[in-house]
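Values in this text are rule-based calculations from the coordinates and carry no lab data. Because the structure is a prediction, the values reported are computed rather than measured. Here Cβ is always computed from backbone atoms with ideal geometry, including for glycine, and neighbour counts include all displayed protein chains.
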Amino acid sequence: MSQPNSSVFEPISETLIRTVCARLAQGKQVRRRLPLDGRLHIDRQLPFLVIYRQPRQGSDDGTRRLVLGEASYMIASGDKRLRPSLAALTTAIVKTLSEQFDAFLLVEIWPSSEKGPDDGTEPLLPKPGFRILTSNVRPPTATVEALSKSLERIRILKQTATVEVVYSRKRSPAGLPMLLSPKIARQLNCSVLGLEIEPVYHNPLTGEIFPVVLRTLHRGLAGGFKRAFFAFAQAQTSYRPSSHQVLGRRAVVNAVWDVDRQLAEISNRFDFLLQVTPVNIDRAWTEFKRRGFEQVPELYYRPLPEDPALLKRNLFRIPISRVEDPTLAFLFRQKQTELDRQLTMLGDRGTKRFLYGSLQLFGGVSSELKQLAEELLAKISPRSRENSGGNSLNAPAFARQAQAEIEYYRQVYPGLTATVQIRDDTVGLMVSQGNLLIGRHTRIPQSRVEALLQHEVGTHVLTYCNGWAQPFQQLYTGLAGYEELQEGLAVLAEYLVGGLSRPRLRLLAARVIAAQGLIDGASFVETFRQLNKTHGFNQRTAFTVTVRVYRGGGLTKDAVYLRGLVDILRYIKQGGELEPLFVGKIAASHIPIIQELQFRQVLHLAPLRPRYMTTSQSKAKLEQLKNGVSVMDLIDRRKN
């Protein structure tokens, strides 16, 4: 890279410094380019600033990326000509915001130039490490401790980070002076920390960046900064944030919306579950029965509306690398990976390879889950029946009830666009892109009507709508791996309205057993026989469960219903609240991320909450669950 021409170099102007300070004093956002490829971003009035100074010669793009995404950061050149005006800008920012908060924290980061210890580690597998440099005169102890503990939790390639705290008068990179002298820092009540980072994200031999390592370090460092900023604010400023998550970035740049839109466009181009659901289940049952339950039925699927290979090409053109916020970039990459696997599975539909993709997407069956399923099947009699009194609703009758339920929510939120469709190519109930699909020959026992309404409309349709109301389209298309939490919530809804019957629990257990049989290599007929002969399910039910699990080449998704119920009961026992789970289609692992985005005011409150959550019956049951209830305990709470 050629050096800047000294004849055209211009320092940071006094006008820019005054403009920045005026905007900060008014509580406005600051986004400015600085000379020599620098950048200043301050989201709002905050009592901290993270700084990175680029070397005058050479490249250090990896370290530069580590500050991107912070709510308040500055990237500047280490060029000697810029030092006076850069120091003036830094001093002015600190003075302005220190007056606002009574104190200020300045953190400068840089890569370590020393080789790591000779501890026998491979040269391409250096151990992550940090040196926190703090003043030996009235150091911000709580801040340093919070940062140190957070950094110690970072693990990269199975190696845990080491953290050293050094008390030093000089807290700046080698060869560069501090941007604020200790004397000026004391006058402005500004604490200055230096953070030296072992550059494990660089290949020490070639200088190439390891992108996955860099992303992992970036996420860990971002979390550590927030906790350190929170500790500093609580201990030394007049600012009282409610959580460290509040201190994240609120401003969302166009690159984020662009990536979100492109991911949603690809997600909306196909409906994975609809594409792997057979269209001839009724005819397949008739043929299977006619042949004495001894021959695997021929299953037919809808033609693929898109070429998976072409969609994949577009999928990996999406510029996720442009997203600076590590939290949002993490969510987007997760979704990109999930879409890639779904498209691979669609290309493998009808082959043995389909199962391998299913195990990646939905997981297998743990020994604990299998044991629970077996216990449920042993404890609940096969003769258990739905208490319907002989009454049941056909598809049109149930559709009217479902439409009334949707209208209830539409009164609360007019933006709800969900429809109810009776279809010839669907068996049972399914929610597809926010619409409820009902198989034309479906019949619902009266005792199960309310439970299924809350399962399908009160959970699946509602979370789709709440996700649609958010600025991020991923909340309605579904974050990666959302199915388990969704189905766990939906089955919990059945329990809270008094509709989680013994036969229903047996059915969920049967799906787990069938999925385990699939994984173990059992044939379609063998799994059917096991459900029918060993566990006492009638022939049609055993057939339906087997088809659901063996469709496409082997789909383990049906194990998530029982697994999701187990997880949601554990979540409630641990004090988790249900309200945040209805913001959209999210996975359990996303709960802290969603809460962070809500604290940062990137996400809104959900416009709808399930109707059953307002009833005294559901509230009483939910209180009981907080004391700790297992799935087996739910059996004893049922009369039928």
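Could you tell me what percent of the DSSP beta bridges with both partners in the range 10-249 are antiparallel, to the nearest 5? Provide the component values of the computation, followed by the final result.
Numbers: 16 of 40 bridges.
About 40 percent, rounded to the nearest 5.
For Val296 paired with Gln421, estimate the spin-label separation in nm (one decimal), with each label point 7 Å from Cα along the Cα-to-Cβ line.
Label-label distance for Val296 and Gln421, simple model: 3.0 nm.
Please list the non-local residues whose amide H lies under 5 Å from the amide H of Val165, H modeled 1.01 Å from N, same-chain partners needing a gap of 5 or more.
Ile132
Net charge around Gly564, counting only other residues with Cβ within less than 10 Å of its Cβ (Lys, Arg = +1; Asp, Glu = -1)?
Once all neighbours under 10 Å are counted, the net charge is -3.
Could you work out how much longer the chain between Ser242 and Arg39 gets when fully extended? Use 0.36 nm per residue separation minus the Cα distance between them, nm to one decimal.
70.2 nm
With θ set to phi - 60°, apply the Karplus curve 6.51 cos²θ - 1.76 cosθ + 1.60 along the range 160-171 and write out the HN-Hα couplings as whole Hz, x wherever there is a Gly or Pro.
With the stated coefficients, the range 160-171 comes to 8, 5, 9, 10, 10, 9, 10, 9, 8, 6, 8, 10 Hz.
Rounded to the nearest 500, what is the chain's calculated 222 nm mean residue ellipticity when only DSSP H runs of at least 4 contribute -39500 (n - 2.57) each, over all residues?
After summing the helix terms and dividing by residue count, I get -14000 deg cm²/dmol.
How much of the DSSP bridge set in the chain is antiparallel, in percent, rounded to the nearest 5? Mind dumping the intermediate values first?
On the way: 23 of 51 bridges.
Of the beta bridges lying entirely in the chain, close to 45 percent run antiparallel.
For Lys127, which lysines qualify as cross-link partners when the Cα separation must be under 26 Å and same-chain residues fewer than eight apart are set aside?
Output for Lys127: Lys115, Lys149, Lys158, Lys170, Lys226.
Run the numbers for Gln371 and Glu577: contour at 0.36 nm per residue of separation, minus the present Cα-Cα distance, in nm.
Details: separation 206, 0.36 × 206 = 74.16 nm, distance 2.80 nm.
Gain in length upon complete extension: 71.4 nm.
Which residues' amide hydrogens lie under 5 Å from the amide hydrogen of Ile209, considering only partners 5 or more residues apart or on another chain, with H built in the peptide plane?
The answer is Asn203.
First select every other residue whose beta carbon is under 13 angstrom from the beta carbon of Gly248; then total the charges, Lys and Arg +1, Asp and Glu -1.
Counting the neighbours of Gly248, the net charge comes to +2.
Quick one: net charge around Glu294, please, counting Lys, Arg +1 and Asp, Glu -1 for every other residue with C-beta under 15 Å from its C-beta.
Once positives and negatives cancel, what remains is +2.
Under a crude label model (7 Å from the Cα following the beta-carbon direction), how far is Asn254 from Ala397 in nanometres?
5.7 nm
How would Lys533, Lys573 line up from fewest to most surrounding beta-carbon atoms within 10 angstrom?
Final ranking by Cβ density, sparse to dense: Lys533, Lys573.
Just how large is the dipole of the range 518-633 about the Cα centre, in debye to the nearest 20, putting +1 at every Lys and Arg Cβ and -1 at every Asp and Glu Cβ?
Magnitude of the dipole: close to 300 debye.
What ranking do Ile109, Ile593 get, fewest neighbouring Cβ atoms within 10 angstrom at the top?
Details: Ile109 22, Ile593 18.
Result, fewest neighbours first: Ile593, Ile109.
Sort the range 165-243 into rounded, prolate or oblate with this rule: let a ≥ b ≥ c be the square roots of the eigenvalues of the Cα gyration tensor; rounded if a/c is under 1.5, and if a/c is not under 1.5, prolate when a/b is larger than b/c, oblate otherwise.
Oblate, because a/c is 1.5 or more while a/b does not exceed b/c.
Dipole of the chain, Cα-centred, from +1 at each Lys and Arg C-beta and -1 at each Asp and Glu C-beta, to the nearest 20 debye?
Dipole about the Cα centre, nearest 20: 680 debye.
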